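Please read the structure below before turning to the comments.
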Amino acid sequence: MRTFQAELVWKYLRLIIAYIPVTMKILVYSLLVAMIIGILAAVVRFKKIPVLSQIIRVLISYVRGTPVVTQLFIIYFGLPQILKNVGIDLTGIPGLWFVVITYGLNTGAAISENLRAALASVDKGQWEASHAIGLSGFQALRYIIMPQAMVVAVPNFSNIVVAALKNTSLAFAVGIVEMMTRAKLVSSSQHHLIEGYLAVAIIYYILYLILSFVFKHIEKAILRSIGGNVK
């Protein structure tokens, strides 16, 4: 067994840091996909649109009830084969986008449940009052219901983003060279995996602290703008 060498941690840190942009690219793009999916799914379920609501409920249950890495394998390996049977060839698409789709769906499910619960927390009388002053359903949702729902939804959003950040480490399972993959490559070549994993853990923790700090201030600003309690 090789002796732990602390100096290698700092050496690996410098090598792994260069791949932060890849990790952040996965995170940002997957969050954009997740926001679209989450908002649409939450509204459909909240409004209880026939058929669509039931389909989305089943899909969300599946996404929340299965490991992210399993979903990644299904989309990365399975989706191209399924679509190939109907004449759609995905072989030219970079693997990164399959990762983004997977994480977008996974995080979108979390956002959907968070937002749906927030919408349900708004008093039903607000809908009646909105209609009474002549607002359409969309206008009521946008100007009256959603601002109040955000008071409940915003505090949990940073937790969802942090979870999405940690999920990016699984991209190595399909050969995407991001921080975790780079850590494994540089440390395994010298048979010092522990030092490599410790280095990447430090980077993830620093990113977590940065995101937590940023979102804490964003949450305060949003809650202040919509009249929520700011702590």
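Answer yes if at least one residue in the stretch 104-120 is more than 23 Å from the chain's Cα centre (by Cα), charged (D, E, K, R) and at pLDDT below 90, and no otherwise.
Filtering the stretch 104-120 for residues more than 23 Å from the chain's Cα centre (by Cα) gives none.
Scanning the stretch 104-120 turns up no residue that is more than 23 Å from the chain's Cα centre (by Cα), charged (D, E, K, R) and at pLDDT below 90.
Flag not set for Ile49, criterion: at pLDDT 90 or above and either open to solvent by 70 Å² or more (accessible area, probe 1.4 Å) or of a type in the set (A, V, I, L, M) (or both). Selection of helices (runs of 4 or more DSSP H) fully inside the stretch 1-73 by the criterion of at least 3 residues being in contact (Cβ under 8 Å) with a residue 60 or more places away in the chain returns 6-17, 20-47, 68-73.
Might you check whether a residue that is at pLDDT below 85, outside any helix (DSSP H, G or I) and charged (D, E, K, R) occurs anywhere in the stretch 183-200? Among the residues of the stretch 183-200, not one is at pLDDT below 85, outside any helix (DSSP H, G or I) and charged (D, E, K, R), which makes the answer no.
Selection over the stretch 116-136 of residues that are open to solvent by less than 50 Å² (accessible area, probe 1.4 Å), assigned to a helix (DSSP H, G or I) and without any contact (Cβ under 8 Å) to a residue 12 or more places away in the chain gives a count of 1. Only a single criterion out of (1) in contact with a Phe, Trp or Tyr (Cβ under 9 Å, 6 or more places away or on another chain); (2) under 30 Å from Ile202 (Cα atoms) is not satisfied by Tyr19, namely (1). Which of the residues spanning the stretch 76-101 are open to solvent by less than 30 Å² (accessible area, probe 1.4 Å) and in contact (Cβ under 8 Å) with a residue 40 or more places away in the chain? Listed by number, the residues that qualify are Gly95, Leu96, Phe98, Val99, Val100.
Out of curiosity, is Ala110 open to solvent by 30 Å² or more (accessible area, probe 1.4 Å) and in contact (Cβ under 8 Å) with a residue 12 or more places away in the chain? Walk me through it before giving the result.
Values: open to solvent by 30 Å² or more (accessible area, probe 1.4 Å): yes; in contact (Cβ under 8 Å) with a residue 12 or more places away in the chain: yes.
Here the answer is yes, as Ala110 does meet what is asked.
Count of the stretch 159-204 residues, restricted to those that are free of Cβ contacts under 8 Å to residues at least 12 places away in the same chain and farther than 17 Å from Leu15 by Cα, is 1.
For the stretch 80-87, the condition holds for at least one residue, the condition being that it is under 30 Å from Met179 (Cα atoms) and either part of a helix (DSSP H, G or I) or under 18 Å from the mean Cα position of the chain (by Cα) (or both).
The values are calculated or read from the model by the stated rules, or taken from the named source; none is laboratory data. All of these numbers come straight from a predicted model, not from anything done at the bench. Cβ atoms come from the backbone with ideal geometry, glycine included; neighbour counts cover every protein chain shown. Side chains included, ligands, DNA and RNA excluded: accessible areas come from the protein's heavy atoms. Shrake-Rupley method; radii C 1.70, N 1.55, O 1.52, S 1.80 Å.
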